[in-house]
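The values are calculated or read from the model by the stated rules, or taken from the named source; none is laboratory data. Values in this document were obtained by computation on a predicted structure and should not be read as measured data. Neighbour counts are summed over all protein chains in view; Cβ atoms, including those assigned to glycine, are modelled from backbone coordinates with ideal geometry.
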């Protein structure tokens, strides 16, 4: 949900004046209405709304007059700052009750209709946006990376007969590679074909994704080091541990990519890659790499941005890119920090039971994202970004919870790697 616009410091004096003027006009209108004993038609400038908008009302039917008043109220409220709009709604509600006591039924109906619609719409939009936030987080948590690699063998897929895969396989087989098998990776949302070289102790993996054809060469040493070369540009910016060496070669064709990969390759020090060993090698590399990423809370904002830019996924508008990346980083951290929770034997409850109620706070959260969590817990939509404590997010959240009487309590803390605090409702 986008942050409501703040009232700038140099505008606050004018904002206060606007509120006082509005309050005075309301009181004058209600008092004049009572003293004049104005009729239901609210002719001329005698009604509260006439004073408010400084316009004379034409002779209209009750229904036409009510719709006109509602529209003018809507327009006027739309021009106000958020704080003044909230105050105006509250004051006009009081005015409606006062007018009701004075017997001005049409005026009361118009106010009640307009303010009920306006207030319900604003509150409804806020709650709907926060519910979307909850649903987004639930989806992230369901997709939390697992240490176990969900690879399974499948029948030879039809796409292996398409370009460029048919040419790649023919060329690889010409260089001594043999097909290990074809597989599905649900975690990567793709199918793949794997080949191994019986003498060079290295492998080749061909991935088929919508609109993307990826070829990677890899080897795994007996000591645990992994070398990989890919033609997928975003892989250049992937966050990797010291034991994982990645090179990106997306020019010069498959033959040149292979030749460059083999430079410095020590076949004697590497594990065989064949139909018996491929799945076990893949699972071992996946387990170690995923554990490393979980510990560091996923990839950093800068790492993700470079990947998004290389893949052509950044918004074209530069002003939108920062907000876009804030959400990308938040979602990536949410997935990996949720995975950390699942790995803890002392977690108070299984992740599946706290999908909607768990709040994870870390210091990469931007103020507007932290504010969304605060709104969700407090339902105090008048609280603004400027009201947040001037502290790192984890400290700020702890202070806010204390001020609220601790409706959420910290039940877990990740102290190593990328620190984070985990909160659940206190009751």
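Laid out as a table, the results:
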read-out: Test set (1) buried (at least 17 other Cβ atoms within 10 Å of the Cβ); (2) touching a residue at least 24 places away in the same chain (Cβ under 8 Å); (3) touching a strand residue (DSSP E or B) at 6+ places or on another chain (Cβ under 8 Å); (4) at negative phi - residue 299 fails condition number; value: (3)
read-out: Within region 319-427, strands (runs of 3 or more DSSP E) holding 1 or more residues that are under 17 Å from the mean Cα position of the chain (by Cα) and closer than 30 Å to residue 309 by Cβ; value: 359-361
read-out: Among the residues listed as 89, 147, 111, the single one being outside any loop (DSSP other than H, G, I, E, B) and at pLDDT 60 or above; value: 89
read-out: Filtered residues of region 215-238 (kept if part of a loop (DSSP other than H, G, I, E, B) and surrounded by fewer than 17 Cβ atoms within 10 Å (Cβ to Cβ)); value: 222, 223, 224, 225
read-out: Criterion (without any contact (Cβ under 8 Å) to a residue 12 or more places away in the chain, out of contact with any strand residue (DSSP E or B) (no Cβ under 6 Å at 6 or more places or on another chain) and more than 20 Å from residue 198 (Cβ to Cβ)) met by exactly one of 293, 256; value: 256
read-out: Single match in 316, 309 (criterion: assigned to a helix (DSSP H, G or I), free of Cβ contacts under 8 Å to residues at least 24 places away in the same chain and within 21 Å of the chain's Cα centre (by Cα)); value: 309
read-out: Residue that is touching a helix residue (DSSP H, G or I) at 6+ places or on another chain (Cβ under 9 Å) and in contact (Cβ under 8 Å) with a residue 60 or more places away in the chain, where the choices are 343, 369; value: 343
read-out: Residue list for region 171-187, restricted to those being free of Cβ contacts under 8 Å to residues at least 60 places away in the same chain and farther than 19 Å from residue 275 by Cβ; value: 174, 186, 187
read-out: Filter pass, residue 172 being assigned to a helix (DSSP H, G or I), modelled with pLDDT of 95 or more and surrounded by 13 or more Cβ atoms within 10 Å (Cβ to Cβ); value: yes
read-out: Residue count, region 189-209 (criterion: surrounded by 15 or more Cβ atoms within 10 Å (Cβ to Cβ) and part of a loop (DSSP other than H, G, I, E, B)); value: 2
read-out: Residue 417, sole failed condition from (1) surrounded by 14 or more Cβ atoms within 10 Å (Cβ to Cβ); (2) on the phi < 0 side of the Ramachandran plot; (3) in contact with a helix residue (DSSP H, G or I) (Cβ under 7 Å, 6 or more places away or on another chain); value: (2)
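Table: residues versus (1) under 30 Å from the mean Cα position of the chain (by Cα); (2) more than 27 Å from residue 336 (Cα to Cα); (3) at pLDDT below 95.
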{"residue": "220", "(1), (2), (3)": "no, no, no"}
{"residue": "257", "(1), (2), (3)": "no, yes, yes"}
{"residue": "288", "(1), (2), (3)": "yes, no, no"}
{"residue": "292", "(1), (2), (3)": "yes, no, no"}
{"residue": "296", "(1), (2), (3)": "yes, no, no"}
